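Right, one structure below, let's go through it.
Only the coordinates and a few stated rules stand behind these numbers; no lab work does. Everything numeric in this text was worked out from a predicted model, so none of it was measured. Neighbour counts are summed over all protein chains in view; Cβ atoms, including those assigned to glycine, are modelled from backbone coordinates with ideal geometry.
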């Protein structure tokens with residue numbers, strides 16, 4: 001018995017309901033593909049711009065309402081104690097940031113605006129910055145050795161001046177930018193550079209070695225701000241609210257919005273739920289259409305059995321017919337999606353294309369399985385009288 005021939009005959013003489021089902025499935029799957037592409041783009045945008053963006057996880061503190069309005073180095077310790085008291089020490093950490101007087105290259109031609117930050121925050125400065133000991137991260141190319149002139153600051157007439165310099169050799173890393181999470185505002189062409197906190201304080205001590213002021217006073221005058229880094233975006237609002245209640249002047253991305261981080265996380269969840277609903281709807285639609293088609297085929301199934309085909313042969317024939325039909329659905333659907341990818345109708349990347357193609361394959365495989373269990377196998381095992389009782393042959 002040539003089952004392949006029977007499949008070909010059935011495919012050529014399919015009921016018009018199957019053709020209608022084919023069109024509906026192609027439209028349904030195409031809509032799912034476009035909707036999935038949009039949802040994936042939205043999901044990636046939210047993660048890139050908000051949930052995984054370090055800029056929104058950094059809170060800048062440059063003053064306080066209690067006592068002196070100026071921030072001091074000990075405030076970073078006070079904030080960390082506060083975070084620990086509120087069981088937030090594992091979620092956020094405070095770090096002082098120092099702004100050093102300008103240093104120059106060995107020829108005294110290029111000035112560098114240097115900030116001292118914790119080595120733990122090197123990833124906020126730039127991808128290639130490590131802020132290791134005896135190193136400086138600059139915007140230019142990395143250098144094995146870089147000689148820098150450190151001005152020796154003198155206090156004159158209530159101000160600062162410098163006539164002498166100290167030559168210091170450091171390793172130069174590349175990757176520092178004028179726009180990153182450490183800075184609130186970008187300053188173009190300012191040769192911004194960074195070194196770790198310990199290194200910055202050592203340089204600061206050299207700069208003010210002739211000063212009559214205590215080093216604690218110098219640290220306070222050169223402290224730019226305290227920043228608090230929050231590990232998870234959803235905790236930013238909580239930490240920000242706590243700092244405001246303690247009288248700290250804070251600036252951060254979510255500062256002007258109420259529960260913004262929570263809303264962003266909720267939006268991400270909504271996108272995932274919507275995507276799941278669209279996938280389930282497509283599967284249910286395809287399964288119901290194909291099961292209805294199998295029910296319409298009861299007469300043909302009875303004829304096959306009358307011609308000597310066993311139940312397992314009938315089941316095999318209709319399984320192949322359904323697979324062939326869904327192959328056609330997949331090819332036509334992906335052809336439409338490929339055209340939209342090539343002409344850039346939707347913001348689709350190649351990765352998105354492969355991901356959505358894989359999703360289509362999984363949907364169609366699951367559809368075949370459900371149709372087989374709920375339709376083909378169930379109807380194919382019916383007795384002859386059951387197959388014919390609603391047809392004219394039975395009458």
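Most simply put, the chain has about 80% antiparallel DSSP beta bridges, counting only bridges with both residues inside it. Classify the range 298-380 from the C-alpha gyration tensor, please: rounded if a/c falls under 1.5, else prolate or oblate depending on whether a/b exceeds b/c. Here the range 298-380 falls in the prolate category. FRET efficiency for the pair residue 190 and residue 331, taken as 1/(1 + (r/R0)^6) with r the Cβ-Cβ distance and R0 = 41 Å, rounds to 0.10. For the range 45-155, what does the alpha-carbon gyration tensor say about shape, rounded, prolate or oblate, given a ≥ b ≥ c as the root eigenvalues, a/c under 1.5 as rounded, and a/b over b/c as prolate? Taking the square roots of the gyration eigenvalues as a ≥ b ≥ c, the range 45-155 is oblate.
Counting 0.36 nm for each residue step from residue 24 to residue 267 and taking away their Cα separation leaves a gain of 84.4 nm.
Protection proxy ranking for 293-299, 79-85, using the average of other Cβ atoms within 10 Å per residue and placing the highest first: 293-299, 79-85. Taking label positions 7 Å along the Cα-Cβ direction at both residue 281 and residue 147, the computed distance is 7.1 nm, reported to one decimal.
Would you mind ranking 228, 368 so that the residue whose beta carbon has the fewest other beta carbons within 10 Å leads the list? So the ranking, lowest neighbour count to highest, is 368, 228.
Footprinting exposure proxy ranking of 211, 68, 76, fewest other C-beta atoms within 10 angstrom first, gives 68, 211, 76. With distances taken between every two different alpha-carbon atoms, the chain has a Kirkwood hydrodynamic radius of 27.0 Å. Between the range 105-121 and the range 205-243, how far is it from one alpha carbon centroid to the other, in angstrom? The two parts, judged by their Cα centres, are 17 Å apart. Spin-label model, residue 169/residue 377: points 7 Å from Cα along the beta carbon direction are separated by 7.8 nm. What's the FRET efficiency of residue 303 with residue 41 using the Cβ-Cβ distance as r and R₀ = 41 Å, to the nearest 0.05? So the FRET efficiency works out to roughly 0.20. FRET efficiency for the pair residue 133 and residue 206, taken as 1/(1 + (r/R0)^6) with r the Cβ-Cβ distance and R0 = 25 Å, rounds to 0.95.
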